[in-house]
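One structure below.
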Amino acid sequence: MSLNKCVVRLKDSHDTEHSVVVYAESLYEAALRGLNRLADVGWESDGETIRQVEVEIHQEPTTHIVNVPKLLNCLAVINGLVLGTVTVRSKEQNLAHRVLLCADHHGLSARTYP
């Protein structure tokens, strides 16, 4: 899979729109990277105040709406499963692996574009 430029947008409880550009291989990876980038600049959420983020993929532009609480819950479940495995991976490989496990766990395809 190749990295694609993605714009991740959300509106907070004050109706302020926030957006960041990230590079990711999948929709869910882009959503997580976007939320992480926003947290790096001081934006915070507990997963309850923000219900969804918009991810715009710049290849053949496609927009997806990701349910943030479900995504975070899925990662929590997958983290519990992955913690029992002894595997050495880079931080990037680990994130991509967990995103794919999360998608597989829910019967979804995290590979939405090549």
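A few notes on this one:
- Pairing each residue of region 61-72 that is farther than 13 Å from Leu35 by Cβ with any residue that is outside any strand (DSSP E or B) and of a type in the set (Ser, Thr, Tyr), provided the two are 6+ apart or on different chains, yields C-beta distances under 9 Å for Thr62/Thr112; Thr62/Tyr113; His64/Thr112.
- Filter pass, Thr85 being modelled with pLDDT under 90, exposed (fewer than 13 other Cβ atoms within 10 Å of the Cβ), of a type outside the set (A, V, I, L, M, F, W, C) and touching a strand residue (DSSP E or B) at 6+ places or on another chain (Cβ under 8 Å): no
- Selection over region 1-27 of residues that are in contact (Cβ under 8 Å) with a residue 60 or more places away in the chain and in contact with a His (Cβ under 9 Å, 6 or more places away or on another chain) gives a count of 2.
- Residue list for region 30-62, filter: at pLDDT 85 or above and either out of contact with any Cys (no Cβ under 9 Å at 6 or more places or on another chain) or outside any helix (DSSP H, G or I) (or both): Leu32, Leu35, Asn36, Arg37, Leu38, Gln52, Val53, Glu54, Val55, Glu56, Ile57, His58
The values are calculated or read from the model by the stated rules, or taken from the named source; none is laboratory data. The model shown is predicted, which means the values in this text are computed figures rather than measured ones. Quick reminder, even Gly has a Cβ in these numbers, built from the backbone with ideal geometry, and neighbours come from all protein chains shown.
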